[in-house]
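Engineer: Structure incoming, see below.
The values are calculated or read from the model by the stated rules, or taken from the named source; none is laboratory data. Since we're looking at a predicted model, the values are computed, not measured. Using ideal geometry, Cβ is built from the backbone for each residue, glycine included, and neighbour counts are taken over all protein chains shown.
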Amino acid sequence: MRMPDTQKVHLSREHAAELLRAMLLIRRFEERCAALYSAEKIRGFLHLYIGQEANAVGIMQALGPEDAVVATYREHGHALARGLPPSEVMAEMFGKATGSSRGRGGSMHIFDAKRRFYGGNAIVGGGLPLAVGLALADKMQKRCRVTCCFFGEGAAAEGEFHESLNLAALWKLPVLFVCENNRYAMGTAIERSESVIEIATHARSYGIGAETVDGMDVVAVECAARKATDEIRAGGGPRFLENRTYRFRAHSMFDAELYRSKSEVEEWKKKDPIVLFSHWAEATGLLAAGRQEEIEAGIMRDIEGAVAHAEQAPWEPVADLLSDVYTPASGGPTS
Amino acid sequence: MIEFKMPSLGADMDAGTLVEWLKKPGDAVKRGDIIAVVDTQKSAIEIEVFADGILDRLLVEPGQRVPVGTVMATIREPGDLADAGLPPKAVPSSASPPAAKSSAPVAPASAPLVAARGEPRATPAARRRAVELGVEIASVLPGPEGVIGLGEVEAAAGARAPAKPQRPGGISFDEMRKAIGAAMARSHREIPHYYVSSTLDVSPLMAWLEAENTRRPVPERLLYAAPLIRAVARALMDSPELNGHYVDGRYDPAEHVNLGIAVAMRGGGLIAPAILAAETLDLAAIMERLRDLVARVRGGRLRSSEMTAGTATITNLGEGTADSLMPLIYPPQVAIVGCGRIVERPWIVDGKIEAAKLMTVTVAGDHRISDGRRAAAFLMNLDKLLQSPETL
Amino acid sequence: MTGGRKITYREAVREALREALTRDERVFLMGEDVGRYGGAYACSMGLLAEFGEERVRDTPLSESGFVGAGIGAALGGMRPIVEIMTVNFSLLALDQIVNNAATLRHMSGGQLSVPLVIRMATGAGRQLAAQHSHSLECWYAHVPGLKVVAPATVADARGMLWTALCDPDPVVIFEHAALYNDESEVAAGGDLAVDIASAAVRRQGTDATLVTYGGSLKKSLAAAEVLAKDGISCEVVDLRSLRPLDDRTIMASVAKTHRAIVVDEGWRTGSLAAEIGTRTMEQAFFDLDAPVGRVCSAEVPIPYPKHLETAATPQVDGIVAAVRGALRR
């Protein structure tokens, strides 16, 4: 693993352990989710983030609690990396009343307003204008905050992507656009859906500073994110990161993966962000022998706790079906 | 005189503010001239005039905001006299285009059928059916939820069996069957029945009826049940041991004959509501009560008095094919009269065989109160009455 | 009929697509993941290999773009079939559909024609929550210039597409996602095309009319079955065409039964059920022996948990209760 020249990352032993822990939490949590899906505890669509963990974890290092995050329907990793309690995320997946969205959203719609996590959006590209607006509000209220918007390369084909980039650049809004380019828009390879396959090119065409980052390298992602957010906070307007990454699992649980070869997947798995990082950290002495096992054990306890919590959590009563359609005080029209 | 109005510059423009007049009264204007500047939601726009003439009066001041269509100025056409009258008010005239005649079919405005206070809640279909059947909607008793539906109207009209069974008084057929079963079991268990039968020649009755009905207008025509009921009622008045209630070991003969009429209900079940004081009613009244009773049985709206006040019962008014029947008494009554169908059979009258219309009448009596002799006397009495139908 | 065979709704759609691609060179299919992936609902599985990339075109995620391109291609003499993954995504293309496809003929004074077919999945029932589960058929049925159909049976899924393609105007086909696995008998061969303008009486009855479409047909038939056990005879009308509505069939049934209940997975307010109820009032007022009933979705974005999703959408119990209510028993 190569350390970027521009790095400003202070890689203490604690920080290295934290990066590893955060990525492992996502990995193990989602592995458990896949099993729970097969056991019909989790329903609907389940889009796993496995393989892409370095992106959410690396980016979040550069964000503070005052910053905002807008994510996609593949957002378990972002939610966990943002610090949402695994028990609340798991309860949400179960559809239970103690879930982060009271069970209303499920896997694709995890929200946490107090952590400024503005959710899983299941309409491709739908989060980008939202992020622009959040940043606009910050700018108009003279708050020095960053809104970070995650999306896939598939979104780059949507009008909303281009409209949002243009607006953010035009108004010099504090948005960090993070394109997690995992090469497939559902089942359509980037070469089949994009006329320009370097997505960062689009950002540059709107006058937005953009970088292409190795999305399988958590340290590289963190470095790029720190640099970008520093520039944004300094008033430089939006920045754009194109993180080259890969999802190891299918698009969703019900996907035969006819559109890519097993050998391609295997080739990418050699770049597993967790394996690479832990090997590198051990080799450089940042991670003591046996430390990963300790971390794993802690994570497994957390996940077991989350599953137990979700199992026991109550269902929302059917009598509450119509709740949260309008703000209670507004007494919105009922049919 | 031409009116210069606040123009509509787009479908989304509803008003404008006059910024300034570019011409003054007396100025000549010609089609295409810009004569005013108007501020709209979008921007200030120069407004042109579409006629030639002399600007006569300015009706709107700069700064004033007026709706589209408001007359802002008048323009004298060549030949017009200067307007000496009062200035027209600055009010919007017909700004919008005339309402387009819709080519789409518009449902005819139906007369409001919202029931006035106190009027019955009848469905549209029920109201229409009521008109067809000549039923006064106000006379129809509402069904469940206080609504008069098709079923209620048809029942009230005694219309012929609609497809669905109705429920008398909200009782289901299962419950009805159970109640009949319980009453009949009690009857069979407690009442020592005896039976007396007699075959009566009803030829005179039927002949009289035929003659009578040709005389009567159609709505007033009689069923033979009417004279039969009247004859039975009168005969019962002379047989107090057959007309009353037996309760807790005590027999109360009745003052009137509340004659229970066994009516088969659609969908099964049998019910015997009473025609109260039947002996006092003439044939027309009996006919009317009979019709009303049958309709209300089918409509499921009997009065409780009709259900409990019977003092004796008559059953099987010639319906079906049974020659004779042996009915069970409805407790607490003490007699029931069962009439078989009317059949034409050979009959010996004065030593000669004649064709006669015959009906076998069976009286079931309660041996605790009476005996067969009493019933036989009743039957003789009845026979006598039926032989002189014109007296009924 | 040349002898029946059982196929799924999904296979029926695929056969119809294959038939269209085979019969008319101008026909092509485009949409997100219709090619390599085989279609989000596997309706176009195998067609890419069979017909090639020119005629089975994977599109980028750009609904407005590729739907608009479909409109343009139709103007240019092609016969495009555009697949949109779900009705929720179609909102990104609403501008093109409403402002172009539906209006071009009229705006051009009748000079232009848009012979376009748009297919999309619709409906709830799979716990996909509030951005994948809605029934917005009504929105499209609101728009003059569009024809909107909802095949609720395998035979209609098989037969409506070709008729839609033959139509000179844009036709939107709604396939309820809960139907794709349904299996039924269809004719083995011959011309399987069916009309796309009339409603169909799927069950005869005398006491009440259930008017429904799409994914609610099955539920309505199931409710009719339950009610039949209690001696209540329901007629079930499958609208098939949501625009135009076949008033004649609806009103003929109401004239017979005197009671109408509309079962519609759309939200109640401003729904197709509202439209049908109003038309029934306008055209069959004096036949009605009860107010027109509605069984619609609750006025809430579709929630994720199964029990709430079920409670939010029309179900057999609710339909049965509505019929009993109309019969006042």
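Engineer: Suppose the filter is at negative phi, under 20 Å from the mean Cα position of the chain (by Cα) and more than 14 Å from chain C (Cβ to nearest Cβ); does A:Pro129 pass it?
Structural biologist: No.
Yes/no matrix, rows are residues, columns are (1) in contact with a Phe, Trp or Tyr (Cβ under 6 Å, 6 or more places away or on another chain); (2) not in a loop (DSSP other than H, G, I, E, B); (3) not polar (S, T, N, Q):
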{"residue": "C:Gly77", "(1), (2), (3)": "no, no, yes"}
{"residue": "C:Ala93", "(1), (2), (3)": "no, yes, yes"}
{"residue": "C:Asn100", "(1), (2), (3)": "no, yes, no"}
{"residue": "C:Arg105", "(1), (2), (3)": "no, yes, yes"}
{"residue": "C:Pro115", "(1), (2), (3)": "no, no, yes"}
{"residue": "C:Arg119", "(1), (2), (3)": "no, yes, yes"}
{"residue": "C:Ser133", "(1), (2), (3)": "no, no, no"}
{"residue": "C:Cys138", "(1), (2), (3)": "no, yes, yes"}
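Engineer: I'd like to verify a number: residues in the stretch C:1-52 that are outside any helix (DSSP H, G or I) and of a type in the set (Lys, Arg), how many?
Structural biologist: Qualifying residue count for the region: 4.
Engineer: Suppose we keep only residues that are assigned to a loop (DSSP other than H, G, I, E, B) and loosely packed, with under 13 Cβ neighbours inside 10 Å within the stretch B:304-322. Which one would you say is modelled with the lowest pLDDT?
Structural biologist: Taking the candidates together, the pick is B:Gly320.
Engineer: In the stretch C:36-83, which residue that is within 24 Å of A:His251 (Cα to Cα) and among the acidic types (Asp, Glu) is farthest from the other protein chains (Cβ to nearest Cβ)?
Structural biologist: C:Glu83
Engineer: Among C:Ser271, C:Ser253, which is more than 27 Å from A:Ser107 (Cα to Cα) and out of contact with any Lys or Arg (no Cβ under 9 Å at 6 or more places or on another chain)?
Structural biologist: Within the list C:Ser271, C:Ser253, the selection yields C:Ser253.
Engineer: Right, something else. Take the stretch A:235-254 and flag every residue that is charged (D, E, K, R) and either assigned to a loop (DSSP other than H, G, I, E, B) or without any contact (Cβ under 8 Å) to a residue 12 or more places away in the chain (or both).
Structural biologist: Listed by number, the residues that qualify are A:Arg247, A:Arg249.
Engineer: Determine if the stretch C:62-73 includes at least one residue that is closer than 30 Å to C:Glu185 by Cβ and assigned by TED's automatic domain parsing to the domain that holds C:Met120.
Structural biologist: No, the stretch C:62-73 has no match at all.
Engineer: Hey, does the stretch A:166-173 have a residue that's charged (D, E, K, R) and touching an Asp or Glu at 6+ places or on another chain (Cβ under 7 Å)?
Structural biologist: no
Engineer: Taking the criterion of being within 13 Å of chain C (Cβ to nearest Cβ), surrounded by fewer than 19 Cβ atoms within 10 Å (Cβ to Cβ) and in contact with a Ser or Thr (Cβ under 7 Å, 6 or more places away or on another chain), would at least one residue in the stretch A:188-206 satisfy it?
Structural biologist: no
Engineer: Cβ-Cβ below 8 Å, separation at least six or inter-chain, first residue in the stretch A:48-68 and closer than 26 Å to A:Ser252 by Cα, second aromatic (Phe, Trp, Tyr) and buried (at least 24 other Cβ atoms within 10 Å of the Cβ): which pairs?
Structural biologist: Within 8 Å, the pairs are A:Ala54/A:Phe277; A:Asn55/A:Phe150; A:Ala56/A:Tyr49; A:Ala56/A:Phe150; A:Ile59/A:Phe150.
Engineer: Of all residues in the stretch C:142-176, which are buried (at least 22 other Cβ atoms within 10 Å of the Cβ) and among the small types (Gly, Ala, Ser)?
Structural biologist: Within the stretch C:142-176, C:Ala150, C:Ala152, C:Ala157, C:Gly159, C:Ala164 qualify.
Table: residues versus (1) at pLDDT 90 or above; (2) assigned to a strand (DSSP E or B); (3) not assigned by TED's automatic domain parsing to the domain that holds B:Leu328.
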| site | (1), (2), (3) |
| --- | --- |
| B:Arg234 | yes, no, no |
| B:His245 | yes, yes, no |
| B:Val257 | yes, no, no |
| B:Gly268 | no, no, no |
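Engineer: Residues being farther than 21 Å from A:Tyr37 by Cα and of a type outside the set (Gly, Ala, Ser): count how many of those fall in the stretch A:233-258.
Structural biologist: So the count comes out to 11.
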